[in-house]
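The values are calculated or read from the model by the stated rules, or taken from the named source; none is laboratory data. This structure is a prediction, so every number in the text was calculated from the model and none was measured. So basically every Cβ, Gly included, is an ideal-geometry build from the backbone, and we count neighbours across all protein chains shown.
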Amino acid sequence: MAKDTYSVHPSLKMVQDAIAKLKDKTGRSLEEWIKFINKNGPKDIPGRREWLKKEHGLGTNYCYWLADWSAGKGEEDGDPQKYLAAAAKYVEDMYSGKKAGLRPIHDKLITLGRSVGKDVKICPCQTIVPLFREHVFAQVKPSTNTRIDLGLALGRFVKEKRGKIPARLIDTGGLEKKDRITHRFAITGLDHVDAEVGKWLKTAYDLDSDD
């Protein structure tokens, strides 16, 4: 899949909003902080994070972003174009080596995910591929060399006792942990991506409109 088939991860807006307020909150803009860190800060990223926290009183998020960006790392976390370029590589890397055989299953699941609604957004991370509507309603994860887990957000379905969940849908314990993803299908072959998987993927999508 080309990089333009993905959407920008919603977390980038939070990062961009925070960076826009950086000058007002800290007295320095992003560019000024990077210049200052490279001139005065420790050489290593962990040292820079600690130095920014202890010496300059910055919050954890700012410490991580600024330390990484000053070293030329993690720029995709705040730049939409760099994120989209990185997203394509995340997926390629996820299915390299021993997990390469899982890629057709992944692609079939992503195609199925797109089909449940025009507003579905596919936003890869380094180890999982979340599917968003307003929130994450599903995620695709190559959990082993032979299995992909399709996680679904079915918390509202369970809480409101809307019906019975089949045994094939494994409880992840997410409801108790207050995670979005509460159940998963364990998928080891293309034939496992069937009508039942499609039904519950659509259910998770529809539930997100209730949140």
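Those residues that are buried (at least 19 other Cβ atoms within 10 Å of the Cβ) and out of contact with any strand residue (DSSP E or B) (no Cβ under 6 Å at 6 or more places or on another chain), I need them from region 142-162; list them, please.
155, 157
Within region 17-36, can you find the residues that are surrounded by 14 or more Cβ atoms within 10 Å (Cβ to Cβ) and either within 30 Å of residue 110 (Cα to Cα) or modelled with pLDDT under 90 (or both)?
Narrowing region 17-36 to residues surrounded by 14 or more Cβ atoms within 10 Å (Cβ to Cβ): 18-19, 22-23, 26, 28-30, 33-34, 36.
Scanning region 17-36 gives 18, 19.
Please give the number of the condition residue 43 fails out of (1) assigned to a loop (DSSP other than H, G, I, E, B); (2) under 30 Å from residue 129 (Cβ atoms).
The single condition residue 43 does not satisfy is (2).
How many residues are in a loop (DSSP other than H, G, I, E, B), among the small types (Gly, Ala, Ser) and farther than 11 Å from residue 48 by Cβ when one looks only at region 59-91?
Just the residues of region 59-91 that are in a loop (DSSP other than H, G, I, E, B), to begin with: 59, 71-74, 78-79.
Narrowing further to those that are among the small types (Gly, Ala, Ser): 59, 71-72, 74, 78.
Next, from what is left, pick out any that are farther than 11 Å from residue 48 by Cβ: 59, 72, 74, 78.
So the answer is 4.
Just to be sure I understand the filter: pairs with C-beta atoms under 6 Å, separated by 6 or more residues or on different chains, first member in region 21-36 and in the same structural domain as residue 69 (by TED's automatic domain parsing) and more than 16 Å from residue 55 (Cβ to Cβ), second member part of a helix (DSSP H, G or I) and among the basic types (Lys, Arg). Which pairs pass?
Going by the 6 Å Cβ cut-off, the qualifying pairs are 29/23.
Give just the number: which of (1) within 26 Å of residue 87 (Cα to Cα); (2) in contact (Cβ under 8 Å) with a residue 12 or more places away in the chain does residue 41 not satisfy?
Every listed condition holds for residue 41 apart from (1).
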